[in-house]
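The values are calculated or read from the model by the stated rules, or taken from the named source; none is laboratory data. What you are looking at is a predicted structure, and each value in this text was computed from that prediction instead of being measured. No Cβ is skipped: glycine too gets one built from the backbone with ideal geometry, and neighbour counts run over all protein chains shown.
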Amino acid sequence: MKKKISVEELLAKAKKPAEEAMKLHPFYRGKIQITPKCAIRSMDDFSIWYTPGVAEPCNDIAKNPEKVFEHTNKGNYVAVVSDGTRVLGLGDIGPLAGLPVMEGKALLFKYLGGVDAFPIMIDTKDADEFIQAVKWIAPTFGGINLEDISSPKCFYILDKLRQEMEIPVWHDDQQGTAAITLAGIINGLKVVGKKLNESLFTIIGVGAANTCLIRTLIKAGVPPANIIAVDSKGILYPGRQDMPQLKEKNPYKYEIAMKTNGEERFGSVADALKNADVAIAASKPGPGTIKKEWVANMNNNAIMFAEANPVPEIWPWEAKEAGVRIFGTGRSDFPNQVNNSLGFPGIFRGTLDVRAKTITDEMHIAAAYAIAEVAEQKGLHEDYIVPTMDDWEVFPHEATAVAMKAMEQGMARIKLSRQEIYENAEAIIKKSREQTKALMKYGFIKTP
């Protein structure tokens, strides 16, 4: 990046969306609504859509529960469920204050993936109560998107629900971030001419996102020994003094400490970055969380993603000056944005279209490779290794990859051809966008 942007300029720019949000949220009083899907030719039609006619579909479902997907919209309903304990960069602000975020997530689901998503805020901080609440509402939905739940509770909730439910359960802060990050890594390594299974990875921050990323990298072919994870107390390794406490309070982090770090390194972030080929940070916002002099000790042709918001752990120009060749952030105003919105709408589209019972790690890895393929087809370079939200074709492309993997793994309730999956996803997504444009054109959605 040629021009250096001051902290003051960036913060001033970052405030503009917030200022607009405070005007437009009360203007619209929310971001989503329910509109009819069926034709209403006259009032007589309500005898079909409601009583007495509706009794026949009810009886049909009672005899054969799978018919619910034919008689209702269950197969396109997703619940966006949160307790508000880890909202964006705001922390534990509670279920009421978290509702605008979940509405925004539902909007992205609809516009980018054609998925009818509903924000569901759960007023409990108890993990088992949360799990029970999700299980109680599950009959309505074809999938569950967990969102903004504090760590390590979020791992337990996801694992338990995946084990006990036969609809897909997904935690976007974990799997979504892992999918798009893996896509960037895949293409970044292509640009610099390195291999996934031969590169040394430094993972900075071991919260929800990076815990799942580590698991994803290993399943994608990275040897555990080639991963060095570092949290706020330093590098994870079996001999660290707090291992007994971690084993009891955060078994997920404990497992990472026990199976990664083949060199048995110890020390700080600076020590973890030495000779690394790829560094992924999802930790404390910067600048200065990661020092330029630490980055200078990475390997040649290094790749770094600094994903903290609103300010990355290190500025892009500092990382480039230190020798990093490919740099990405979570921000849209820098190149190579690691953006979850590229993942979950297409991933759920493909999952729902084959009525998958779960979203496996292999399915979101398939999505990562599909995301990477779209960028590669457009032409990779150092400042373009992942698509942007304007590259709308990424969504049907990854939906197809996810659906195909679900069928391959025996997770799909129905089987379709690759062409059928792609054409169906493309049509649904196009329809959703065109509906929004039509509502705006005719004034049903007012222009502010």
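Mind telling me which of the residues 305, 266 ends up being crowded, with 22+ Cβ neighbours inside 10 Å and either in the same structural domain as residue 205 (by TED's automatic domain parsing) or within 24 Å of residue 216 (Cα to Cα) (or both)?
Numbers: 266 fails: crowded, with 22+ Cβ neighbours inside 10 Å.
After ruling out the rest, the residue left standing is 305.
Scanning the stretch 240-275 for residues that are in contact (Cβ under 8 Å) with a residue 40 or more places away in the chain, closer than 15 Å to residue 199 by Cβ, in a loop (DSSP other than H, G, I, E, B) and touching a helix residue (DSSP H, G or I) at 6+ places or on another chain (Cβ under 9 Å) turns up just one, 260. Residue 288 fulfils the conditions (1) under 19 Å from residue 206 (Cα atoms); (2) surrounded by fewer than 18 Cβ atoms within 10 Å (Cβ to Cβ); (3) among the small types (Gly, Ala, Ser); (4) modelled with pLDDT of 95 or more except for a single criterion, (4). Taking the criterion of being outside any loop (DSSP other than H, G, I, E, B), among the aromatic types (Phe, Trp, Tyr) and at pLDDT below 95, the only residue of the stretch 291-322 that qualifies is 317.
Residue-level check: of (1) touching a Leu at 6+ places or on another chain (Cβ under 9 Å); (2) under 25 Å from residue 339 (Cβ atoms); (3) not in a helix (DSSP H, G or I), residue 217 misses just (3).
Tally time: how many residues in the stretch 94-153 are β-branched (Val, Ile, Thr) and more than 30 Å from residue 206 (Cβ to Cβ)?
Filtering the stretch 94-153 for residues β-branched (Val, Ile, Thr) gives 101, 115, 120, 122, 124, 131, 134, 137, 140, 144, 149.
Applying the additional criterion that residues be more than 30 Å from residue 206 (Cβ to Cβ) yields 115, 137, 140.
The total comes to 3.
Scanning the stretch 149-182 for residues that are part of a loop (DSSP other than H, G, I, E, B) and either among the aliphatic types (A, V, I, L, M) or over 25 Å from residue 245 (Cα atoms) (or both) yields a total of 5. For residue 100, the conditions (1) out of contact with any His (no Cβ under 7 Å at 6 or more places or on another chain); (2) touching a residue at least 24 places away in the same chain (Cβ under 8 Å) are fulfilled apart from (1).
Contact annotation: residue pairs with Cβ atoms under 8 Å, 6 or more positions apart or on different chains, pairing a residue in the stretch 182-207 that is within 25 Å of residue 250 (Cβ to Cβ) with a partner that is surrounded by fewer than 20 Cβ atoms within 10 Å (Cβ to Cβ) and basic (Lys, Arg), are 205/284. Out of all the residues in the stretch 173-214, which are modelled with pLDDT of 95 or more, out of contact with any Ser or Thr (no Cβ under 9 Å at 6 or more places or on another chain) and closer than 21 Å to residue 344 by Cα? Across the stretch 173-214, the qualifying residues are 183, 184, 186, 187.
Please enumerate the residues belonging to the stretch 139-160 that are over 16 Å from residue 212 (Cα atoms) and surrounded by 19 or more Cβ atoms within 10 Å (Cβ to Cβ).
Of everything in the stretch 139-160, those that are over 16 Å from residue 212 (Cα atoms) and surrounded by 19 or more Cβ atoms within 10 Å (Cβ to Cβ) turn out to be 141, 142, 143, 144.
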